[in-house]
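Heads up, the thing below is written out as structure tokens.
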Amino acid sequence: SYAMDAVRRDLEVILEKENITLGGLVITTTIDGRIQKKTEDAIDQRLRELERLPGYPHQTRSAWRELPADKRQQPTYIQGSAVVIENHSGAVLAVVGGRDADESRFNRALQAKRQVGSIFKPFVYLAAFDEGLRPDTSISDGPIEPGEIKGAPANWHPKNSDGKFGGSFPASYGLIRSRNTMSLRVGNIAGVEKMKSVAVMAGFDNTIPEQPASYLGTWEATPWQVASAYSIFPNGGLRFRPFLIQEIRDRKGNILYQTPPLSYQAARTGSAWSISNILAEVTTRGTAAAVKKLGFEKPCAGKTGTTNDFKDAWFAGYTSALTCAVWVGLDTPEKTIPGGYGATLALPIWVEVMKTAERLGYKASDMRTDVASSGARLCKQSGKRATSGCEAAGTAYTDRV
């Protein structure tokens, strides 16, 4: 299975060759077999539904299985992967790298680096919040002007996914509605170096290009990295190192290896708390508002992601107990289906996993953070402390900072 493949990879790092040769070891993993099975089933069920759509343009899994054994090549049917992590320990409960490990050995959860798209936007806002931006600060949703974004080509004019532009809105609106132009301006406040630093601290690798296009997630990451990075939001910026091997004992019961929870402060608590509040709104009135309609009514938060031409569909989200990242796409990137958004392809899988986790005792409670805060009068236009002029203009408001 994909879970055992992930465990084996860790064991090859932890154990000496002599230990492996002699054998007789008892290895305790973090995998919850019930969550693992449900995640596998939820992925395959959703993708079977997709393959039954009229005019579906790609190879189906059933068609591949009907081929004679000697004519089967590496399957090209649509795939999905997911990683489920326990927030307050980093224990990995499920690793699903595809629809069937016997049919395809490629573990997409660990090995498939795919374009992340809009699921990276929370980290852009996180970087800007660290620089003083507030959720209610006004940001323009208008067209990007030449020279406006530092480091961008003069003729670079990214658009919003709906092709429309708007006026000025609170920064939080840009994340809730996944507005590209607002997100670029938010990224511009943080700067590419700060954006990259925040992302690496959260768990992404150091290969993120330091260029404005990275604000829109034009680079690649694995589902494992995405799940781990998102777990900082329900933890108030604290990141637990994800792990699969809990303990190893020899044949006499002696402990050879243990993994205690290891954590560090990956982001400022106040900034992470602000992002988490916004991502909760994404699941009530944003791009993931279908969560309740799909049957999950517990407190949750998250973000959808869809790359150009519907090549990658993502949903990364969490409850107070668990974080789960789901990816759907084809191994050779091409359009999945017209309208293959993250909310359409990946979100239903996430919901099924979380409904099962809730029944199994991974209870989702209100996500409150014990952050000391005090009221301050700020200006919606500048994001700085309000002056008498701001009060007179009606742009002043009270924020909890």
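The share of accessible area on the stretch 29-96 that comes from carbon and sulfur is 49 percent, using a 1.4 angstrom probe.
Separation of the stretch 190-225 and the stretch 1-62, taken as the distance between their Cα centroids, equals 27 angstrom.
In whole percent, and with a 1.4 Å probe on the protein chains, what portion of the accessible area of the stretch 178-238 is carbon and sulfur? Mind dumping the intermediate values first?
Values: 810 of 1670 Å².
Ligands and nucleic acids excluded, carbon and sulfur give 48 percent.
Per residue, the solvent-accessible area of the stretch 258-374 (1.4 Å probe, heavy atoms of protein chains only, all protein chains present) comes to 42 Å².
In whole percent, and with a 1.4 Å probe on the protein chains, what portion of the accessible area of the stretch 268-315 is carbon and sulfur? Before the final figure, lay out each step's value.
Details: 920 of 1960 Å².
Within the stretch 268-315, the accessible surface is 47 percent carbon and sulfur.
The share of Cα pairs per 5 Å bin across the stretch 1-75, counted from zero up to the longest distance, runs 3, 11, 15, 14, 14, 12, 11, 11, 6, 2, 1, 0 percent. Sorting MET201, MET4, MET195 by solvent-accessible area of protein heavy atoms yields MET4, MET201, MET195, largest first, with a 1.4 Å probe.
Comparing mean-square fluctuations of VAL26, VAL198, VAL95 from a GNM of the chain with C-alpha springs under 10 Å, the top value falls on VAL26.
Thinking of the stretch 273-335 as a set of Cα atoms, what percent of all their pairs are more than 16 Å apart? Please report the intermediate quantities before stating the final value.
Details: 946 of 1953 pairs.
Roughly 48 percent, once rounded to a whole number.
When +1 charges are put on Lys and Arg Cβ atoms and -1 charges on Asp and Glu Cβ atoms, the dipole computed for the chain relative to its Cα centre reaches about 600 debye.
Modelled spin labels at VAL200 and ARG65, positioned 7 Å past Cα toward Cβ, are 4.6 nm from each other.
The residue among THR29, GLN74, LEU50 whose Cα reaches farthest toward the positive pole of the charge dipole of the stretch 1-81, with charges on the beta-carbon of Lys, Arg, Asp and Glu, is LEU50.
Converting phi to 3J(HN,Hα) with the Karplus coefficients 6.51, -1.76 and 1.60 and the offset θ = phi - 60°, the stretch 91-105 yields 5, 8, 8, 8, 9, 10, x, x, 7, 6, 5, 6, 8, 8, 7 Hz in sequence order, with x at every glycine or proline.
Largest GNM mean-square fluctuation across ARG134, ARG48, ARG72, computed for the chain with C-alpha springs under 10 Å, falls on ARG72. Taking only Cα atoms of the stretch 239-350, what ratio of Rg to Rh do you get with Rh as the Kirkwood inverse-distance radius? That ratio is 1.12, to two decimals. Indicate the gyration tensor shape class of the stretch 150-194 (rounded, prolate or oblate), computed on the Cα atoms with a ≥ b ≥ c the square roots of the eigenvalues: a/c under 1.5 is rounded; otherwise a/b larger than b/c is prolate and the rest oblate. Oblate, because a/c is 1.5 or more while a/b does not exceed b/c. Among ASP130, ASP102, the sequence by solvent-accessible area, most first, with a 1.4 Å probe is ASP102, ASP130. Only DSSP H runs of four or more residues enter the estimate; each adds -39500 (n - 2.57), and after division by the residues of the chain the mean residue ellipticity at 222 nm equals -9500 deg cm²/dmol. Under Stokes-Einstein, with the Kirkwood radius over Cα pairs as Rh, the value for the stretch 225-299 at 25 °C and 0.890 mPa s is 164 µm²/s.
For the stretch 193-260, the alpha-carbon radius of gyration amounts to 1.53 times the rule-of-thumb value 2.2 N^0.38 Å expected for a compact globular protein. Using a probe of 1.4 Å, the accessible surface attributed to VAL326 totals some 0 Å² when neighbouring protein chains are kept in position.
With R₀ set to 30 Å, the beta-carbon distance separating ARG359 from TYR264 gives a calculated FRET efficiency near 0.40. A crude spin-label estimate for the pair ASP10 and ASN254, with each label 7 Å from Cα along the Cβ direction, gives 2.3 nm.
Would you please calculate the Kirkwood hydrodynamic radius of the chain over all C-alpha pairs and express it in Å, rounded to one decimal? Taking the inverse mean of 1/r over all distinct Cα pairs, the chain comes out at 22.2 Å. For the stretch 148-250, the C-alpha radius of gyration divided by 2.2 N^0.38 Å, with N the number of residues, is 1.32.
Computed from backbone phi, the HN-Hα couplings of the stretch 161-170 come to 4, 8, x, 10, 10, x, x, 9, 9, x Hz, rounded to whole numbers (Karplus: 6.51 cos²θ - 1.76 cosθ + 1.60, θ = phi - 60°; Gly and Pro given as x). Surface analysis of the stretch 1-140 yields an accessible area of 45 Å² per residue, using protein heavy atoms and a 1.4 Å probe.
The values are calculated or read from the model by the stated rules, or taken from the named source; none is laboratory data. The model shown is predicted, which means the values in this text are computed figures rather than measured ones. Using ideal geometry, Cβ is built from the backbone for each residue, glycine included, and neighbour counts are taken over all protein chains shown. Remember, those area values only see protein heavy atoms, side chains included, never the ligands or the DNA or RNA. Shrake-Rupley method; radii C 1.70, N 1.55, O 1.52, S 1.80 Å.
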